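Below: the structure, in structure tokens.
The values are calculated or read from the model by the stated rules, or taken from the named source; none is laboratory data. Predicted model only: the values in this text are computed from it and were never measured. Note: ideal-geometry Cβ built from the backbone for every residue, glycine included; neighbour counts use all protein chains shown.
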Amino acid sequence: MAPRWQISPSPSPGSGFLVWPVAFLALLPLFIELGTLRSNLLAFALATPPELGQAIHISLLLVPLLIAVVFVRNPTVLPVAFNHLPRMVSGLFAIALAFATTALFVAAMTSPIISIDRHLQMIAVVLPLFIAPKLRLDSHSFMRAVMVASNVGLLVILAYLFRNGGLQALAGVDRLQINKAFPQILVYLPFLAVIGLGASLVASSQWLPLRLITAVISMSFLAVNYSRTTIALAALAAIIAGAVPAPGRRSVVGNRAGRVLGGVVVAAIVFVLASASVGGDRFRESASAGRSEILSETLSRLARSPILGEGFVPRSETNLKPWDTHNQFLEMFMRSGLLGGACAIAAIFLLAKALISNRPSVPGPVSDLHRLATVVFGAALAGGMANVYLTQLFPGVFVWLLVGLALSNRRSTRRPQLAGQHLSAARSGVAQR
């Protein structure tokens with residue numbers, strides 16, 4: 001029987017119910033119009049959508065919900081925590097935020113509404129990392145809710161695609177018109193397939209039929225997916241899931257190689273499904289089409305303000321959308337300058353290192369959650385070379401929440417271990433005497 005300290009802290013009353021709204025708000029592709037701040041029920045019904053670029057993901061509502069839950073449970077404490085994070089991470093994020101806020105005032109002179117809105121969204125995206133320990137969500141229930149929510153989200157996207165032209169629309173020159181109901185449906189929302197596939201591969205303590213259903217839905221979506229980045233990230237998620245085994249299993253070279261090989265097989269299936277459909281046309285296109293111009297423009301903008309960065313300055317008077325770097329790391333440099341961006345990237349590196357080096361030693365829901373966080377965070381970082389995932393409302397809010405939940409178990413597993421080591425040392429000293 002595993003020692004008590006190796007099991008995650010007991011969830012607070014009501015946390016089993018809380019996982020469902022948390023998962024659905026983080027993952028379901030429902031949007032809110034920025035212009036009127038009302039629920040866009042028509043878009044959710046796959047009918048008349050808002051104009052392209054005029055909506056935000058409903059996951060923005062998740063942040064005030066989490067803060068409200070923490071405050072209702074214990075009004076005397078702050079809704080955020082820092083002791084679950086590796087040393088220096090909070091300070092590095094604070095420095096990056098300070099530079100980004102300074103850049104905000106520069107950008108606000110050009111377009112105050114756009115600049116302030118995007119700046120507040122950027123803060124809201126990362127906040128779940130610090131709120132997660134206060135929630136004490138049940139790991140088993142949360143994993144189940146994540147798989148159900150990702151399945152619903154993928155089915156909603158598939159329904160909309162087939163209602164609005166299906167594969168013919170994706171293959172045609174007017175494919176971007178499908179973005180009208182769900183903004184960035186071709187770029188960011190397909191990350192749901194990465195989350196769903198990763199959960200189905202690592203959730204060893206979940207109901208097997210649910211895992212199979214989640215895998216089938218995720219793979220079915222990949223068969224009609226248009227994003228090359230998503231296809232590559234889904235394949236990478238399968239390989240990471242195989243390379244990060246559940247604790248308690250034999251770690252001999254043969255077994256580890258077999259699990260990695262299994263991940264490679266799943267990755268190969270992903271590419272076969274994608275290449276036989278719309279994704280095949282994308283594979284034949286040049287991967288660098290348009291990206292070299294974007295890189296050149298990004299570096300030129302950064303050179304104009306290397307210390308503070310650009311903040312969220314609109315592209316032009318006719319295009320109020322800030323410049324899209326298509327690179328997570330360049331994005332951080334663009335928004336907060338070279339020093340602020342370097343601090344943010346260093347903090348992310350420390351978080352990734354903590355996930356890898358602090359894996360739970362007992363199989364179960366806590367281990368499953370930690371493995372999913374490793375898979376999703378790794379995929380988001382790898383995808384950061386082609387898209388901006390960690391500072392977008394989706395999937396950024398969910399990714400940071402997942403990392404925070406995984407790391408919130410870190411202290412509860414390390415402290416008793418150290419205590420046990422000290423006790424063993426004391427006993428050996430007594431025996432020697």
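Looking at (1) farther than 30 Å from Met147 by Cα; (2) without any contact (Cβ under 8 Å) to a residue 40 or more places away in the chain, which one does Pro322 not meet, given that it meets all the others?
It is condition (2) that Pro322 fails.
Filter the range 139-167 down to the residues that are under 16 Å from Leu369 (Cβ atoms) and surrounded by 21 or more Cβ atoms within 10 Å (Cβ to Cβ) and list them by number. Before the answer, list the steps.
Let us first name the residues in the range 139-167 that are under 16 Å from Leu369 (Cβ atoms), namely 139-150.
Hits for the range 139-167 are Ser139, Phe142, Met143, Arg144, Ala145, Val146, Met147, Ala149, Ser150.
Being small (Gly, Ala, Ser) and at positive phi narrows it down to one residue among Gly383, Gly396, Gly378, Gly337; which is it?
Result of the check over Gly383, Gly396, Gly378, Gly337: Gly337.
Hey, among Lys353, Lys321, which residue is among the basic types (Lys, Arg) and modelled with pLDDT of 80 or more?
Lys353
Any idea which residue in the range 249-273 is surrounded by the most Cβ atoms within 10 Å (Cβ to Cβ), counting only those that are at pLDDT below 65 and not hydroxyl-bearing (Ser, Thr, Tyr)?
Arg256
If I filter the range 70-91 down to residues being over 20 Å from the mean Cα position of the chain (by Cα) and of a type in the set (A, V, I, L, M, F, W, C), which single residue comes out as surrounded by the most Cβ atoms within 10 Å (Cβ to Cβ)? Before you say what the answer is, go through the steps one by one.
Step one: list which residues in the range 70-91 are over 20 Å from the mean Cα position of the chain (by Cα), which gives 70-79, 83, 87-88, 91.
Cutting the leftovers down to of a type in the set (A, V, I, L, M, F, W, C) gives us 70-72, 77-78, 88.
On the way: Val70: 21, Phe71: 14, Val72: 9, Val77: 11, Leu78: 13, Met88: 12.
So the residue we want is Val70.
Please note which helices (runs of 4 or more DSSP H) are completely contained in the range 1-101 and include at least 2 residues that are modelled with pLDDT of 80 or more and of a type outside the set (Ser, Thr, Tyr).
On the way: elements: 15-27, 41-44, 62-73.
In the range 1-101, 15-27, 62-73 are the helices (runs of 4 or more DSSP H) which contain 2 or more residues that are modelled with pLDDT of 80 or more and of a type outside the set (Ser, Thr, Tyr).
With the requirement that a residue be more than 19 Å from the chain's Cα centre (by Cα) and polar (S, T, N, Q), what does the range 317-367 give you?
Answer for the range 317-367, where residues must be more than 19 Å from the chain's Cα centre (by Cα) and polar (S, T, N, Q): Thr318, Asn319, Ser336, Ser357, Asn358, Ser361.
Just wondering, is there one or more residues in the range 113-129 that are surrounded by fewer than 18 Cβ atoms within 10 Å (Cβ to Cβ), β-branched (Val, Ile, Thr) and touching a residue at least 12 places away in the same chain (Cβ under 8 Å)?
Yes, the conditions are met somewhere in the range 113-129.
Among the candidates Ile345, Ile307, Ile356, Ile294, single out the residue that is of a type in the set (Val, Ile, Thr), in a helix (DSSP H, G or I) and farther than 26 Å from Arg228 by Cα.
It is Ile356.
Of all residues being closer than 23 Å to Gly383 by Cβ and polar (S, T, N, Q) in the range 195-216, which is surrounded by the fewest Cβ atoms within 10 Å (Cβ to Cβ)? Just the residue, please.
The residue in question is Thr214.
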